[in-house]
Amino acid sequence: MALKKIVILFSGRGSNMRSIIEKLHDKSLFVAAAITNNPNAEGIKIAESLGVKVEILPHTEFASREAFDEALVSKIKEYSPDLTVLAGFMRILTPVFTDNIKAVNIHPSLLPLFKGKDGIKESFYSGMKVGGVSVHMVTSEMDSGDIVAQACVPILKDDTLEDYTQRVHGTEHELYPKAILEALNISI
Ligand code: GRF
């Protein structure tokens with residue numbers, strides 16, 4: 001049977017994308033393309049070096065969020081993915097995207113706590129003994145769709161923010177590939 005297909009969207013470093021490609025691509029599923037809005041994203045080289053096609057769609061070339069999202073939706077649909085995977089895709093998405101594309105995102109906190117761009121820092125300074133990582137369905141409300149998977153990350157007494165951040169990323173790299181398989185009903 002043909003492998004299910006995903007498209008990955010990214011904007012920067014691409015460490016989650018790397019983990020997804022290394023663990024799943026051409027084994028449990030097929031990464032049909034990786035699309036970025038940032039022509040300077042470090043992740044471009046990572047995807048290419050792992051044999052995944054990269055498409056660059058600079059948001060600066062579009063007059064509005066909706067116009068960009070329309071182009072993005074068309075680009076994604078060219079690949080007919082079973083699921084679209086946001087991995088550090090730093091864009092606020094409009095309903096043009098969310099009404100048309102089935103997508104998951106990873107967020108570095110235990111949602112619904114600490115939504116937004118400072119999820120790691122706010123978890124770390126919350127006074128809680130655990131933070132975590134969440135994979136959720138993408139809806140028009142940021143960081144708010146149904147939760148697909150979560151993992152806790154301990155916040156230790158002597159941690160610096162940097163220590164905790166590293167632990168969060170390590171957990172993301174383990175959780176996200178598993179959550180994608182779960183969202184696609186693929187058993188391994
Ligand atoms: C991750 O921490 C993810 O949770 C957040 O953006 C970051 C992306 O990092 N949404 P990377 O580009 O995958 O290294």
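The values are calculated or read from the model by the stated rules, or taken from the named source; none is laboratory data. Note that the structure is a prediction, hence the values are computed from the model and not measured. For neighbour counting, all protein chains shown are included, and Cβ atoms are generated from backbone atoms with ideal geometry for every residue, glycine included. Accessible surface is based on the protein model in full, side chains and every heavy atom, while ligands, DNA and RNA are left aside. Shrake-Rupley method; radii C 1.70, N 1.55, O 1.52, S 1.80 Å.
In sequence order, the range 160-175 has phi-based couplings of 8, 4, 5, 4, 5, 4, 4, 5, 4, 5, x, 5, 4, 5, 7, 6 Hz under the Karplus curve 6.51 cos²θ - 1.76 cosθ + 1.60, θ = phi - 60°, and Gly or Pro positions carry x. The calculated 222 nm mean residue ellipticity attributable to helices in the chain amounts to -10000 deg cm²/dmol, summing -39500 (n - 2.57) over DSSP H runs of n ≥ 4 and dividing by all residues.
3J(HN,Hα) along the range 136-151: 9, 5, 8, 10, 5, 8, 4, 6, 10, x, 3, 7, 8, 7, 9, 9 Hz, from the Karplus curve 6.51 cos²θ - 1.76 cosθ + 1.60 with θ = phi - 60°, whole Hz, x for Gly and Pro.
Checking the Cα-Cα distances for LYS53/LYS102; LYS117/LYS157; LYS45/LYS157; LYS23/LYS115; LYS27/LYS75; LYS75/LYS178 against a 29 Å cut-off, the pairs over it are LYS45/LYS157. Residues whose amide H comes within less than 5 Å of that of VAL153, counting only those at least five positions distant or on another chain, are GLY131, GLY132, VAL133 (H built at 1.01 Å from N in the peptide plane). Couplings 3J(HN,Hα) for the range 98-115, derived from phi with the Karplus relation 6.51 cos²θ - 1.76 cosθ + 1.60 (θ = phi - 60°), are 5, 7, 10, 10, 8, 9, 10, 9, 10, 10, x, 7, 7, 4, x, 6, 6, 6 Hz, where x marks Gly and Pro. Computed extension gain for LYS117 through SER74, at 0.36 nm per residue and net of the alpha carbon distance, reaches 12.8 nm. Amide H to amide H, with H built 1.01 Å from N, PHE30 comes under 5 Å of LYS4, LYS5, ILE6, counting only residues 5 or more places away or on other chains. Name the residues of the range 92-117 whose amide N is less than 11 Å from a point 7 angstrom out from the Cα of GLU66 along the C-beta direction? From the range 92-117, the list is 95-96. For the range 1-97, the residue among PHE89, SER64, LEU3 whose Cα projects farthest onto the positive side of the dipole built from Cβ charges is LEU3.
Counting protein heavy atoms only, the range 66-127 has 53 percent of its accessible area on carbon and sulfur, 1.4 angstrom probe. Annotation: per residue accessible area for the chain equals 50 Å², rounded to a whole number [probe 1.4 Å, protein chains only].
The gain in end-to-end length when the ILE147 to THR160 segment is fully stretched comes to 1.9 nm, 0.36 nm per residue minus the alpha carbon separation.
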